[in-house]
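**Student:** A single structure is presented below for examination.
The values are calculated or read from the model by the stated rules, or taken from the named source; none is laboratory data. What you are looking at is a predicted structure, and each value in this text was computed from that prediction instead of being measured. Heads up, the Cβs are rebuilt from the backbone with ideal geometry, glycines too, and the neighbour counts pull from every protein chain shown.
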Amino acid sequence: MLKQIGMKFRVIPSHAAEVFSAHQSPGENAQRIALEKAADVAAHVRKGIVIGADTIVVLDQHVLGKPKSKDDAKRMLRLLSGREHSVFTGFALKDAETGKHTAGVEETKVRFRKLTEKEISDYVNSGSLMDKAGSYGIQDDFGAVFVERINGCFYNVVGFPLARFYSTLQRFSDEGEQFQEKGK
């Protein structure tokens, strides 16, 4: 998605723990974890803007994380079937050289259509969902047809609120152009 808006970047995995705090809302947790990830990577690079992100899926005040097993994935998909849930994605920007940082969060409401047991089983057996919060990816083959409608940012459900991030980046940087490839 960053390529889509003309950004040059390299991926450096964060080793920050993704610890959910019961004392914070899902949105606050997503934003804090994103900032912790950005700070972890920024501590290991000399210069540049580090981006961190974290996505949390919530149904009826319960967080649905990444599935621990195929049975756990099936359980989550059954819970989501025919219902609406929220997807929160926190993002953070941290200047590795100056320590300057900012963070934001986006919430999108997603409604699933009623799923059959066969659809759930086939999707889980495809294996494409095991690293995704809530056990689905809207951009995946079957995941795309599970979603009846969304209210909010589509890219947020994919995993990164692109429009909100871009606006935040422009405000964060005195010279937002420096982060874009020339000619795009």
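**Student:** Report the residue count in segment 73-121 for those that are more than 14 Å from the chain's Cα centre (by Cα), within 30 Å of Ser14 (Cα to Cα) and basic (Lys, Arg).
**Tutor:** Looking only at that region, the number is 4.
**Student:** Hey, can you tell me all the residues within segment 93-136 that are in contact with a Lys or Arg (Cβ under 7 Å, 6 or more places away or on another chain) and closer than 17 Å to Pro26 by Cβ?
**Tutor:** Gly104, Glu106, Lys132, Ala133
**Student:** Ok, one more. Kindly provide the set of residues from segment 125-147 that are on the phi > 0 side of the Ramachandran plot and surrounded by 13 or more Cβ atoms within 10 Å (Cβ to Cβ), ordered by number.
**Tutor:** Passing the criteria: Gly134, Ser135.
**Student:** With respect to Gly52, determine if the residue is buried (at least 19 other Cβ atoms within 10 Å of the Cβ) and free of Cβ contacts under 8 Å to residues at least 24 places away in the same chain.
**Tutor:** For Gly52, the condition - buried (at least 19 other Cβ atoms within 10 Å of the Cβ) and free of Cβ contacts under 8 Å to residues at least 24 places away in the same chain - is not met.
**Student:** Between Phe172, Phe179, which is within 22 Å of the chain's Cα centre (by Cα) and modelled with pLDDT of 85 or more?
**Tutor:** Phe172
**Student:** Any residue in segment 76-92 that's closer than 11 Å to Leu64 by Cβ: show its pairings with residues that are polar (S, T, N, Q) and in a helix (DSSP H, G or I) at Cβ separation under 7 Å, as long as the two are six or more apart or on different chains.
**Tutor:** Met76/Ser135; Leu77/Ser135; Val87/Asn156
**Student:** If I filter segment 40-58 for residues that are in a loop (DSSP other than H, G, I, E, B) and either touching a Leu at 6+ places or on another chain (Cβ under 9 Å) or among the basic types (Lys, Arg) (or both), do I get at least one hit?
**Tutor:** Yes, segment 40-58 contains a residue that is in a loop (DSSP other than H, G, I, E, B) and either touching a Leu at 6+ places or on another chain (Cβ under 9 Å) or among the basic types (Lys, Arg) (or both).
**Student:** Of the conditions (1) surrounded by fewer than 19 Cβ atoms within 10 Å (Cβ to Cβ); (2) outside any helix (DSSP H, G or I), Leu79 clears all except one; give me its number.
**Tutor:** (2) is the only condition that Leu79 fails.
**Student:** Take Ala39 and tell me if it is over 29 Å from Phe142 (Cβ atoms), among the aliphatic types (A, V, I, L, M) and at pLDDT below 95.
**Tutor:** Here the answer is no, as Ala39 does not meet what is asked.
**Student:** Taking Arg164 as the residue in question, decide whether it is in contact with an Asp or Glu (Cβ under 6 Å, 6 or more places away or on another chain), more than 22 Å from Leu59 (Cβ to Cβ) and touching a residue at least 24 places away in the same chain (Cβ under 8 Å).
**Tutor:** yes
**Student:** Let me ask something additional. I'm trying to understand the selection: among the residues of segment 106-136, which are among the aliphatic types (A, V, I, L, M) and either over 20 Å from Phe160 (Cβ atoms) or modelled with pLDDT under 95 (or both)? Outline the logic, then answer.
**Tutor:** Pass one, segment 106-136, residues among the aliphatic types (A, V, I, L, M): 110, 115, 120, 124, 129-130, 133.
Listed by number, the residues that qualify are Leu115, Ile120, Val124, Leu129, Met130, Ala133.
**Student:** Can you name the residue in segment 61-75 that is assigned to a loop (DSSP other than H, G, I, E, B) and free of Cβ contacts under 8 Å to residues at least 12 places away in the same chain and is also farthest from Thr98 (Cα to Cα) among such residues? Spell out how you get there, then give the answer.
**Tutor:** Keep residues of segment 61-75 that are assigned to a loop (DSSP other than H, G, I, E, B), which gives 61, 65-69.
With free of Cβ contacts under 8 Å to residues at least 12 places away in the same chain added as a condition, the list becomes 61, 68-69.
Details: Gln61: 37, Lys68: 39, Ser69: 42 Å.
Restricting to residues being assigned to a loop (DSSP other than H, G, I, E, B) and free of Cβ contacts under 8 Å to residues at least 12 places away in the same chain, the top hit is Ser69.
**Student:** Which members of segment 1-39 meet the condition of being assigned to a loop (DSSP other than H, G, I, E, B), under 18 Å from Thr168 (Cα atoms) and in contact with a helix residue (DSSP H, G or I) (Cβ under 7 Å, 6 or more places away or on another chain)?
**Tutor:** Met1, the sole residue that qualifies.
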